[in-house]
Amino acid sequence: MEEEKEKFLKEFGKDYGYPNASKSIEEIRATEFKRLDGLVYLDHAGATLYSELQMEEVMKDLTSNVYGNPHSQGDMCSATSDCVEAARQLVLDYCNASSKDYKCIFTAGATAALKLVGEAFPWSSDSCFMYTMENHNSVLGIREYALGKKAAAFAIDIEEFEYRNGLSRSDASSIKISKRPVQRRNDMRSREEGEACQGNAYNLFAFPSECNFSGMKFSLDLVNIIKNDSERVLEGLPFCRGKWMVLIDAAKGCATQPPDLTKFPADFVVISFYKIFGYPTGLGALVVRAEAADLLKKTYFSGGTVAASIADIDFVRRRKGIEASFEDGSQSFLSIASIRHGFKIVNNLTVSAIVKHTTSLTTYVRNKLLTLKHGNGTGICILYGGDTQKMSSHKFGPTIAFNLIRQDGSWFGYREVEKLASLSGIQLRTGCFCNPGACSKQLGLSHLDLLSNVEAGHVCWDDNDILHGKPTGAVRISFGYMSTYEDAEKFVSFVINSFVSMPSLATNGRLSEINNTFSSSRGIYLKSITVYPIKSCAGFSVDSWPLSSAGLQHDREWLLKSTSGEILTQKKAPEMCLVSTFIDLTQGILVVESPRCEMKLKIILEKDPYYGKKQNVELRSKRYGVLIYDNEVNIWLSNAIGRPCNLIRSCAPENQSYANRKEIVDKDMENKLNFVNEAQFLLISEGSVSDLNNRLRSNEHKSQCVQPIDSLRFRPNLVISGAEPYAEDHWRTLNIGTEKFTSLGGCNRCQMINLDQRTGQATTLKEPLATLASFRRVKGKILFGVLLRYDNADKVGRLKDGEKLLLQVGQRVYQTG
Ligand SMILES: *Cc1c(COP(=O)(O)O)cnc(C)c1O
């Protein structure tokens, strides 16, 4: 590790860590980002982090100054106005824009600034909106305004071109622009291919200074090329001849490299402050060239943008001044007052040092990822954003987008990467990052692929990370000014430890087979039986228990619903594990206890006193006929778990033994399950648990001491003893005593197994899930224990009154298939 860092510093030492600033990167992290201790935050393209010092200064400022509404009169208000004006100047300075040529309009964010341009742009039916494929959804949305005014809209690809500093106008032809199909609505007038637009229409070209998907930087020379040389560059394309205006989406790029508007005089630049220094959110700016602002026509007027209006006739006089005519309502003046504390930090470090610092980390990780190989010599990582090996680091912002590949050539789903990263305390982002064009281009998805993915139900934020064998998105890491070598190194180690297959260890993508002999003189037998009457609450263990056709009798027959109708589980309400349950079959009661309630709650199974109200509910898109309970019961349980909830009971036929059950039971009781998620039984083997504990122990040098995990941590119904670790994985059918069961495969585990069931507390170590993730992953799932279905359910129906089919502790368990 030390050696690695030395190597890194040898290569990047002059760029890394702010050698000329008053604080080193280590000091910055130790004093201003104490809250990051132990965490690796790599989503600065999503939002960067504010410094703790910055927030102290913001608090000091707001608590010691009186800021009134800047639109009011009076000293306090003019103090606010001064502050707002100073803030505008800071923004202009940041973009090297002269206040003569440019104005800073504050908006609710970069998106609001983009919407403002779209709404107020002087579109005509001869206009055209042209944008690079790589653009944020918030830019793409502008085309709705353009199309609405019958203008044309085009997406273009800007091919790689030789990048030379200060590319002159004569070099413009080295930019190849290739047309994408015109975006046009069926109901829109269609323009003939090749028909050029006439006259004096205004056109808009939009591109990001840095792609928020891949980190690829676009040359800002595009501003001058399109503004001055559009006829030549766009020659042969049915693009309009009118006047071109250029918009730079600098929301991402601004964090480490604001555009120089003196050199590249774009008409519109949008930025967001949380992307630069983390705070405040909900505030952005439109930096607009004064001449361009004069062309904008805003429809809406409001307090803030109106000088005078008359309520009952069509009269309005708008305010003069660019800022005043575009900032509707009262400005977000307290947020605006806060930005100077952010700029102070960034300006002290200097943007040029920030870009060097973050680039050094990005280049280091890029190079590392490209050299990683599986045991069989195949590469593990596909980086997005051009031929990354050929391209130099100055063409990339501090962002890396990639997908990982298994040794056999199949993809690791990005959700799997995300889930495992989270277990390792690494925050990264996955998906398409609101940039569908970059996503489809980089991933090579055709329109047909995209549409069929949508048909298959894929939406931006879901879990369908691989469809038809192709990834639907990517993994993205991004660095901020306070990122460190240690962050980068932890990420690289994470990729190596979790995804690289070693030749000798068959641990990746397959369950490992372990040959330690696990002999037992008794053979394999049933060690314990546990029933969980209320889903996600504590269960109780018994020596023998009756089987029903839905599993163990009364197992997960009840559940707690939040008042909004959501099923409560320990994921949401960890306190549920402190609610203990017991069913006394001879008395016919369910007893519920909680350390938070003095009295026990008793629910009579047969002639349930609260019984009588039947409802149909839809849970996880299945319909259930359920019984609901009186308020008294719900209040007791709400106290027990510390949040409002309602108890409901499944009324599947087999749960009811009263005579009139046919009337109360829905016809469509397709579910032979109670309120379980996947299967009737979960079986855990002691052998597997003991192997897991061995691994946890051998991990101890990495972390603090991990307490051995008990089988009941996994909330099994059945625990078996005497089997070799993971033998159960290979069983297709089995017998417990005389009863037959079929395995439905492994149980996919989640964070819930990290909760200590006695306390409801999770360890900070994310164990045992983190360790399980290192060797029990199959296709993105972390498997432990097997799910069973009872195969002799028909026998239950044939039982005479009073007869029971029992499972008993001590019964022999054996594989039958
Ligand atoms: C974040 C981002 C946006 C959206 O900015 P908001 O302030 O969240 O509206 C737009 N474009 C790019 C490139 C971004 O990174």
query: segment 680-815: percent of C-alpha pairs farther apart than 21 Å?
result: 46
Globularity ratio of segment 229-365, using Cα Rg and 2.2 N^0.38 Å: 1.36
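Quick check: residue separation of S330 and M76 times 0.36 nm, minus the Cα distance between them. What number comes out in nm?
Details: separation 254, 0.36 × 254 = 91.44 nm, distance 1.52 nm.
Between S330 and M76, full extension yields 89.9 nm more.
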field: Estimated FRET transfer efficiency when R0 is 41 angstrom, pair A308-A86 (beta carbons, to 0.05)
entry: 0.90
- prompt: Got a sec to turn the phi values of segment 766-782 into Karplus ³J(HN,Hα) couplings, 6.51 cos²θ - 1.76 cosθ + 1.60 with θ = phi - 60°, whole Hz, x for Gly and Pro?
  reply: 6, 9, x, 4, 4, 5, 4, 4, 6, 9, 10, 9, 10, 6, x, 9, 10
message: Between S352 and R697, what is the label-point separation in nm under the 7 Å Cα-to-beta-carbon projection?
response: 5.9
message: Under the rule of at least 5 residues apart or a separate chain, name every residue whose amide H is placed under 5 Å from the amide H of N792.
response: K740
message: Give me Y131, Y18, Y814 sorted ascending by neighbouring Cβ count inside 10 Å, so fewest comes first.
response: Y814, Y18, Y131
statement: Karplus-derived 3J(HN,Hα) from phi for segment 272-285 (6.51 cos²θ - 1.76 cosθ + 1.60, θ = phi - 60°), whole Hz, x at Gly and Pro, runs 9, 6, 5, 7, 8, 9, x, 9, x, 8, x, 9, x, 8
task: Name the residues whose placed amide hydrogens come within less than 5 Å of the amide hydrogen of R429, ignoring near sequence neighbours (fewer than 5 apart) on the same chain.
output: R476
field: Under 5 Å, built H, 5+ apart or other chain: amide partners of A153
entry: F129, Q183
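Using a 10 Å cut-off on Cβ atoms, rank the peptides 780-790, 418-428 from the highest mean neighbour count down. Can you show the working numbers first?
Working: 780-790: 21.8, 418-428: 19.4.
Order by mean packing, descending: 780-790, 418-428.
Go through K115/K227; K275/K298; K535/K572; K243/K298; K5/K34; K572/K781 and tell me which ones have a Cα-Cα distance over 24 Å in this structure. Walk me through the numbers on the way to the answer.
Values: K115/K227 22 Å; K275/K298 27 Å; K535/K572 13 Å; K243/K298 20 Å; K5/K34 22 Å; K572/K781 21 Å.
Flagged as over cut-off: K275/K298.
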task: Check the straight Cα-Cα distances from K103 and name the aspartates and glutamates below 13 Å, setting aside those fewer than 8 residues away within the same chain.
output: E85, D93, D267, E291, D294, E323, E327
query: What does a probe at K344 reach in segment 63-97, counting residues whose amide N is under 20 Å from the point 7 Å along Cα→Cβ?
result: 63-68, 79-95
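Among D249, D791, what is the fewest-to-most ranking by other Cβ atoms within 10 Å?
Details: D249 31, D791 14.
Listing D249, D791 from fewest to most nearby Cβ atoms yields D791, D249.
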- line: Of the residues I720, G745, G780, the Cα lying farthest along the dipole of segment 680-815 towards its positive end, which is defined by charges on the beta carbon of Lys, Arg, Asp and Glu, belongs to G780
message: To make sure I understand, if each residue's beta carbon is the centre and we count other beta carbons within 10 Å, what order do I603, I567 fall in, fewest to most?
response: I567, I603
query: How would you order 749-755, 317-323 from highest to lowest mean count of nearby Cβ atoms within 10 Å?
result: 749-755, 317-323
- prompt: Counting alpha carbon pairs within less than 8 Å and at least 6 residues apart, what relative contact order, in whole percent, applies to segment 218-346?
  reply: 17
task: In whole Hz, with x marking every Gly and Pro, tabulate ³J(HN,Hα) for segment 110-124 from phi via Karplus 6.51 cos²θ - 1.76 cosθ + 1.60, θ = phi - 60°.
output: 4, 4, 5, 5, 5, 5, 4, 4, x, 5, 9, 5, x, 5, 9
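Which FRET efficiency, nearest 0.05, do S452 and T763 yield, Cβ-Cβ r, R0 51 Å?
On the way: r = 43 Å, r/R0 = 0.84.
The calculated FRET efficiency here is 0.75.
In nm, what is the difference between 0.36 nm times the number of residues separating S24 and Q751 and their Cα-Cα distance? Can you show the working numbers first?
Working: separation 727, 0.36 × 727 = 261.72 nm, distance 3.69 nm.
Result for the pair: 258.0 nm of gain on full extension.
Just so you know, all these numbers are worked out from the coordinates, no wet-lab data involved. Predicted model, so just to flag it, every value in this text is computed and none were measured. Reconstructed Cβ throughout: ideal geometry from the backbone, glycine too, with neighbour counts over all protein chains shown.
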